[in-house]
Each structure stands twice: as C-alpha cells, then as structure tokens.
Amino acid sequence: MDHTAAPVLEALDSYRSHGRLAFTPPGHKQARGADEQARRVLGDAVFHSDVLASGGLDDRRTRGHILERAEELMADAVHADHTFFTTCGSSLSVKAAMLAVAGPHQQLLIGRDAHKSVVSGLILCGIDPVWVDPQWDAERGLAHPPSAEAYEEAFERHPRARGALVTSPTPYGTAADLAALADVCHARGLPLIVDEAWGAHLPFHPDLPAWAMDAGADVCVTSIHKMGSGLEQGSVFHLRGDLIDPATLTSRADLLGTTSPSVLIYAGLDGWRRQMKLNGHQLLDDALRLAYDTRKAIEKIPGLSVYGTEELTGPGRAAALDPLPITIDVSDLGTTGYRVADWLRARRSLDVHIADHRRVAAQLTYADSAATAAALVDGLRDVAAHRDELRDAPTVAVPKPSELRLEQALLPRDAYFGPVAQIPLEQAPGRIAAEMATPYPPGIPAVLPGERINEPVVEYLRTGIAAGMNIPDTADTSLRTIRVVAEDHGD
C-alpha cells in the first residue's frame, strides 16, 4: 500500500480547494457564524476542517470510500486484518470489543485493573465479569497486569467464559505477557481483547513491549491521542483472525458510536498513521534516547527515585516496560504525589500525567525534546529544593492487596440500575456499591457497582480525598456520601 497517501487529509484539501458551499450542518458554516473569541482562540482552520463525513468530506453515499481507504492503510501499518476508526475515544472502542465477544449474563474474564470504561461496558450490556487479580507489588502499592497463569486458572474455574480482556500496557507503562495470554485463550478457541489504549506507538519500534496484534491478540484497542499525535478522542480498534466476526464488531461499534463523527479527529488518525509508517522508527528512537537521559537526570535528584525495569518487571511483576512513561517515587521527600503535582502546576506551569499517594508520572512522547525534558527535570529539582514546604502531607491509608479485592455480590448492571440509597461513607462497609468510585487518573475503580464495600477501602477513599485524590464519578464527588444498593434488594 502507498503509505505516503492520507485519504482523509487529501479529501479535506480537495473540499477546501473546490470552495464547496454547504447548506448542511455544522451550523457555523466554515467559521462564518462562529463566536469571535472561539475563532480567535481556536483559529479558523478548526472550523474550516469541521465538515460532514458523508455529504461533505465524501459524497452522500460515501462512494469515494475515503474513510474505508484510511482504515485499510492503518490496518496494513500495524499488521491487522481490519481497523476501525472512532471519534468517541477508546472508552467506546473497548465497549464495542466486549459486546462483540460476550452478551448479557455471559461471562468474560477481565483483569481487575481495568479502566472504568470497561466497567461502564459491563453496566450497559449486563456481562457477568470474572475478575482476574493483577500482580500486586505490595511494597510499592502498585498493580501490574495479571499473569497468563492467573487467566488459565480463571478459565479452569469458569469454563463457560466467552473470552478474556487484559489492560496492557498500564498507564504506568507496565505490560503483560500477551503472547502467553493469547495462547491460553486460543487453546480454548476463545478470543483475547487487549485494552492497549496506552500502546498505539508499540508497533513502530522493536525496543518497546510487544504489540498486541503481533502477540496474537484478536482485538486491540488503542488511543492515538495518548502516545501518538492524534487529537483527543481519536481511537482505533484492530481485529485479527477469525474468532470475531468483523461485521459483528462493526455493528457493536455502530450501536454505541455517534452518527456525527468529527472529521477533524479522523484527519488526525490518518495523519498519524502516515507519520508513523514513514518516520516512526526514527521518531521513537529519538524519544527512547531522550527518555533514557531524562530518567538518569531525575535519578540524580535527591529524594526522587525513578522506577525502571528492575523495579517493575520480573517474577510476580510485569513482563515488560515501556520507558516513555516515567514514574517517579516522591515518598522520600516526605510528601505525596498529589502535593507534588499541584506544586508543579502552580509554581512551574508543569502538568504531570498521574499523581497518587507516593508518585507522579510524566509521559514523554516523540513530540518532546531536550528543551521540554529539561523543563521537567528543572521543575523536579525545584520540588526537591522546596521539600520542606511539601512535607506533612496528609497520609493515604493504602490497603493490603487482599483488602482491595472486594466481593462481587451482584452483577454491575443489576446494582447500578436497581433501587439505591445514598448513605454516609462511614456507614458503607458491608453494603453493596451502586456506583463507581474511581481515583482519576489513572481511572481504575476502587469500588464498582455490585461490589461489597469493606472498611479498608472506605478508609483508603476517605484519606485519599483528604490528601488530594480526585474521584469524579460518584454522585457526591466529595465522597461524604456514597450510593449503595437498597438493603431490601441487595442483601
């Protein structure tokens, strides 16, 4: 295939050069009707590229096959049989993949470190989750993807499960042994779904963890906006093999997706594929060298520790590590990641990706340079120099791994849609949750609908909120109260 082509971008260029006059949505009519401040801040180019996908970019019957050709090029670039673009983020993509594998009341094996979008999929479609425990690093309070052996044991206990879903890499960059996990699934003739939202760049450099399609996965979901150069909400999901029908996967995505997709996001996906196919290896080569140098520089800062392969991979931990997300332990400064993240934003105009009870994580991509990396290192040096201001941060009561695993007493869907009561958080132990409580980012629920809440998790959330944890998805975001299943329905 000709990877110098970019069908969506070329069609947009043609649309502009023809000077088409639309009597269709969008109503801003090529910026002419847009708010003046919006035009000044966003630039008219945004509005000029905001056209209908059909009846605009392509004709009303999509006879130019513009999107289809762009998806075919993407599939070829990453060794997939089929690729599907979506403008609703990987939150939609992973739901579509789940629904293509299992239906209401059918079982699906899922790593308990799954993103909240997976739990939303369970709620929407009524799948019965069989949770597979992550590999817990109790010393650091960090979860790594579940092992292939854990999935094997779960299949033995639940032989009617329809397939498996794993998150790899995690937001911290740790990756599962996908080849071994694919073998576990395929030995039973069942599909493997990989939520690889953080791994869109993996196919384009051999020094990165294995890419899901090359490792034997059946469906892989990637967020191009996370580690690539696509726009926010730009996601693709890829399909290989014959265990999942492409038409079924398309139908499930159509069930959930918008009928008004953003051509801007399509264009970003199309341009990123061309960029990576033509220049990705060199771009990532440069990024990996920059990450290596940046890690070494941060490691020299007193009070900071950078996690690498020695800390994060090996028996009982991850199978591999993507070095571009840089995870920095700040606990020796006597403070929390929440406080460090807030200080960096307020004092140095630096935003880190993740903050938790003892870490911050900074994401590098090939868009970074020696100058941006130096700004990060300088900011962290400033943090260390002002450690006295950051001490005495509120302590987060992190439970033991065994205490984090709650009993799944009801299906997530039944708990979420059933009668609920909103009660004080301190009264929640023993009750069944009717909503998610998700520290964000990274977006892995500490409590999900249908789980029976215990005291250690309540204390974790209570102390986390006091320390700076963000839990945006509970009805009461201060978490003074929480929604639980009404007693006469759940117990």
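The values are calculated or read from the model by the stated rules, or taken from the named source; none is laboratory data. In this text the structure is predicted, and so the values were computed from the model without any measurement. Glycine also receives a Cβ, built like all others from the backbone with ideal geometry; neighbour counts cover every protein chain displayed. Heavy atoms of the whole protein, side chains included, go into the accessibility calculation; ligands, DNA and RNA do not. Shrake-Rupley method; radii C 1.70, N 1.55, O 1.52, S 1.80 Å.
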At 24 Å minimum axial length over the Cα atoms and a Kyte-Doolittle cut of -1.0, report the qualifying DSSP H helices in the chain, or say none.
-> 263-299
What does the convex hull of the alpha-carbon atoms of the chain project to on average, in nm²?
-> 23.9
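Rounded to the nearest 500, what is the 222 nm mean residue ellipticity of the chain from helices alone, with -39500 (n - 2.57) per DSSP H run of 4+ residues and division by all residues? Numbers along the way, then the final one.
Values: 20 runs with 196 residues, N = 491.
Using -39500 (n - 2.57) per qualifying helix, the result is -11500 deg cm²/dmol.
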What is the set of long-range amide H partners of Thr62 at a cut-off below 5 Å, with H atoms built 1.01 Å from backbone N?
-> Gly55
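Under a Cβ-Cβ cut-off of 11 Å, what is the net charge of the residues other than Asp382 that fall near it, where Lys and Arg count +1 and Asp and Glu count -1? Walk me through the numbers on the way to the answer.
Numbers: positive: Arg347, Arg348, Arg381, Arg387; negative: Asp378, Glu389.
Once positives and negatives cancel, what remains is +2.
Between Lys300 and Glu153, what's the calculated FRET efficiency when r is the beta-carbon distance and R0 is 41 Å? Round to 0.05.
On the way: r = 43 Å, r/R0 = 1.05.
After rounding to 0.05, the efficiency reads 0.45.
Dipole magnitude of the chain about its Cα centre, charges +1 at Lys/Arg Cβ and -1 at Asp/Glu Cβ only, in debye to the nearest 20? The partial results should precede the final answer.
Values: 46 positive and 66 negative charges, 225 e Å.
Here the size comes out at about 1080 debye.
Below 8 Å between Cα atoms, with a sequence gap of 6+, how large is the relative contact order for the chain in percent? Provide the component values of the computation, followed by the final result.
On the way: 996 pairs, mean separation 67.8, N = 491.
Result for the chain is 14 percent.
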Note to self: C-alpha centroids of the range 1-50 and the range 351-427 sit apart, in Å, by 39
Give the ranking of Asp388, Asp322, Asp133 by solvent-accessible surface, highest area first, calculated with a 1.4 Å probe.
-> Asp388, Asp133, Asp322
The range 244-399, Cα convex hull volume normalised per residue, Å³ = 207
What list of ³J(HN,Hα) values in whole Hz, one per residue of the range 209-226 in order, does the Karplus curve 6.51 cos²θ - 1.76 cosθ + 1.60 (θ = phi - 60°) give from phi, with Gly and Pro shown as x?
-> x, 4, 7, 4, 5, 6, 7, x, 5, 8, 10, 9, 10, 10, 9, 5, 7, 7
Roughly how many debye, to the nearest 20, is the charge dipole of the range 358-427 about its Cα centre, given +1 on each Lys and Arg Cβ, -1 on each Asp and Glu Cβ, and no other charges?
-> 220
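Give me the 1.4 Å probe accessible area per residue for the chain, excluding ligands and nucleic acids, in Å². Don't skip to the end; give the middle numbers.
Numbers: 20780 Å² over 491 residues.
Spelled out: the 1.4 Å probe surface of the chain, per residue, equals 42 Å².
Within the chain, what whole-number % of the accessible surface is contributed by carbon and sulfur, with the 1.4 Å probe and all protein chains included in the calculation?
49
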Antiparallel as a % of all DSSP beta bridges within the chain, to the nearest 5?
-> 65
Let me know the charge dipole size of the range 424-464 about its Cα centre in debye, to the nearest 20, where only the beta-carbon of Lys, Arg (+1) and Asp, Glu (-1) is charged.
-> 40
What whole number of Å gives the distance from the Cα centroid of the range 160-220 to the Cα centroid of the range 85-106?
-> 16
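Which trypsin sites (Lys or Arg not before Pro) in the range 33-76 pass both tests, a DSSP loop state and at most 15 other beta-carbon atoms within 10 Å? List each step's numbers first, then the result.
On the way: sites: Arg39, Arg40, Arg60, Arg61, Arg63, Arg69; in loops: Arg60, Arg61, Arg63.
Taking the range 33-76 and a limit of 15 other Cβ atoms within 10 Å, the loop trypsin sites (Lys or Arg not before Pro) found are Arg60, Arg61, Arg63.
Is the shape of the range 124-169 rounded, prolate or oblate, going by the alpha carbon gyration tensor and its root eigenvalues a ≥ b ≥ c, with a/c under 1.5 for rounded and a/b larger than b/c for prolate? Before the final figure, lay out the partial values.
Details: a/c = 2.49, a/b = 1.67, b/c = 1.50.
Prolate shape, in that a/c is at least 1.5 and a/b is the bigger ratio.
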Among the DSSP beta bridges whose two residues both lie in the range 59-152, what percent are antiparallel, rounded to the nearest 5?
-> 40
